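These notes are about the structure you will find just below.
The values are calculated or read from the model by the stated rules, or taken from the named source; none is laboratory data. Since the structure is predicted, the reported quantities are computational estimates derived from the model, not experimental observations. Note that each Cβ is placed from the backbone with ideal geometry, even for glycine, and that neighbours are counted across all protein chains shown. Note: accessible area is taken over every heavy atom of the protein model, side chains too, but ligands, DNA and RNA are not part of it. Shrake-Rupley method; radii C 1.70, N 1.55, O 1.52, S 1.80 Å.
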Amino acid sequence: MGLSSIGTATEGMQLCIFDLRRGQHEGQELDKILYFFPPDLPFSTQLSVIGLSEGLITFTRIFSPEAACEVIEAERHSHVFYEAEPDIWMVMIVEKSKEPEAIWRIDALREVLKEIHSLFMMFHGSIRALLDKEPGGGLTRAHLYPFIMDYLRACQKLSPLDECCWDFLVGKKLLLPSFRDCLKERRTVQMLTVGREAAIEVQTLVRLLESSAGNAPCSSLILFQDLLVSTTLSPEDTVNLFTYAVLRLTPLALSSGARSWSYLRKGNTSSHVTAGSTLAPSGSVSEQFYGSQDTSPAGDNRYRVIRPLQHDKWSKGKDGFLITDIWGVDVGGSDVTTPIVWLQHTEERMYLCAYQYKSLTLILLIPLSSILNGEQGVSTVKQQLLENASLKILKVEEKLSKGWGGENAYHVSGYRYLIVDGNRDISRASPPAKVTTLTKESLLALNRLREEVDAEKSRSKWDNPGRDKDLEVSIRAKNNAWAIARITGGKELYMVLEKANETLLYASDAVEKFSNRYCSGAFSLD
């Protein structure tokens with residue numbers, strides 16, 4: 001008999017964040033709840049869900065003290081766990097599909113939790129630091145609720161073929177990563193391939209950008225379209241800034257009808273789960289507990305809450321710099337406040353200055369400690385950037401545009417693929433429009449294969465820590481397509497071949513040709 005999961009017929013997904021150090025005494029149980037979705041569930045239900053999660057965490061630690069609980073499969077639900085910070089847990093509970101094939105990939109759901117926490121840290125710092133600042137928990141809840149709701153509404157549509165819908169009204173659906181996303185890898189960056197001459201020009205531009213702040217140790221990111229061209233940040237910070245840039249700063253994100261990977265979409269697919277009533281009634285007990293759920297920029301009146309994921313809050317100024325009032329305006333109301341982010345690698349707070357010319361987006365990060373006179377000093381850096389780098393920016397954009405092959409630049413005829421470099425957090429995949437040509441049977445087979453690979457990687461991580469395991473798995477789908485995975489040296493290749501003949505040998509030869517031609521032989525068996 002399976003574990004019984006908390007749930008009702010009206011909600012198919014629950015997401016909660018709680019602190020194991022809080023609410024351990026009778027009458028203080030609510031203190032441990034930092035976030036709960038849907039927020040209008042009775043507190044008794046919320047505490048039941050969190051109590052079950054606590055029990056599962058405690059139980060699994062008996063058998064595996066060093067390995068945090070990652071997933072519990074109940075009869076009707078999957079419980080996905082992520083310990084974001086010591087004793088601060090994020091748990092997602094999703095209702096299982098009635099279809100014979102699993103439509104969720106657990107690691108993909110956990111990546112959503114990791115992304116929420118990483119982006120939250122970049123803008124607000126750690127959850128524990130907020131709790132230490134205001135032990136009552138109100139400050140933390142006032143930040144978490146609007147941030148996660150804005151995240152679920154975030155827009156980053158990967159192709160014109162994707163559906164886009166953004167509101168949390170009853171009757172809409174909450175769409176989480178499913179088998180249809182098995183040729184995507186969250187929390188990685190997509191790089192633009194550039195020639196030698198263009199690369200030299202980009203390097204020169206990077207030096208000019210970072211010299212604009214004088215002797216301050218600056219960092220920079222350069223994007224072309226929605227692809228990364230250059231970064232001087234750590235891999236973790238690069239992923240976070242890249243994700244935010246594609247969400248809010250690139251030309252496509254600024255344009256009307258921007259792309260969207262929102263989890264709220266219209267339509268009827270098997271990967272939808274019911275969102276239920278997502279907003280608590282005005283003045284409800286839940287609203288008083290989590291703080292105001294007003295979607296206005298002001299948010300909770302008791303705290304100054306910055307909402308960096310709000311839609312349609314960025315625009316391009318006359319001088320080419322991107323501006324937003326998310327971080328506030330000056331006393332006179334004429335100038336906006338420069339955005340500030342927190343880098344995990346250096347643990348520094350940085351001013352974020354974004355400049356855009358045509359398809360090129362430049363992000364310059366300047367340490368707060370190096371700017372003594374605040375906004376005036378930032379304005380001086382911006383002026384210096386324009387004087388130093390304007391001509392080079394034009395030249396780099398022109399070179400990259402001439403070499404750009406369009407949305408299908410990385411399409412390889414006959415192949416539907418995903419390449420992941422886990423050492424550098426980089427991925428490359430078939431264009432989304434091409435992936436949509438695959439049949440449901442092919443995608444389900446690849447999703448099942450990736451689940452097997454995830455499980456093997458997890459076992460290997462604990463059996464042989466610090467060592468990457470080489471692995472090859474092939475699955476024949478019901479429609480006779482081949483789903484293939486090859487893992488070696490921290491790099492991963494996933495591929496679907498729908499026209500690969502009858503034999504595994506034929507499919508293996510096709511993978512070899514792809515590896516030798518497009519991956520410098522990284523996945524070849526020789």
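Data for the structure
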item: Residue satisfying all of: in segment 485-511; touching a Leu at 6+ places or on another chain (Cβ under 7 Å) and open to solvent by less than 30 Å² (accessible area, probe 1.4 Å); nearest to Leu443 (Cα to Cα) among these; result: Val496
item: Residue in segment 77-133 that is farthest from Leu309 (Cα to Cα), counting only those that are acidic (Asp, Glu) and part of a strand (DSSP E or B); result: Glu95
item: Single match in Val206, Val189, Val194, Val202 (criterion: farther than 27 Å from Trp342 by Cα and in contact (Cβ under 8 Å) with a residue 12 or more places away in the chain); result: Val194
item: Hits in segment 127-156 (condition: free of Cβ contacts under 8 Å to residues at least 40 places away in the same chain and either among the aliphatic types (A, V, I, L, M) or buried (at least 22 other Cβ atoms within 10 Å of the Cβ) (or both)); result: Ala129, Leu130
item: Some residue of segment 369-384 being among the aliphatic types (A, V, I, L, M), under 25 Å from Leu254 (Cα atoms), surrounded by 15 or more Cβ atoms within 10 Å (Cβ to Cβ) and out of contact with any Leu (no Cβ under 9 Å at 6 or more places or on another chain); result: yes
item: Among the candidates Ile57, Ile62, residue that is in a helix (DSSP H, G or I), in the same structural domain as His117 (by the TED database), within 17 Å of Leu113 (Cβ to Cβ) and out of contact with any Leu (no Cβ under 7 Å at 6 or more places or on another chain); result: Ile57
item: Qualifying residue in segment 343-353 (condition: out of contact with any Phe, Trp or Tyr (no Cβ under 8 Å at 6 or more places or on another chain), under 25 Å from Leu254 (Cα atoms) and aromatic (Phe, Trp, Tyr)); result: yes
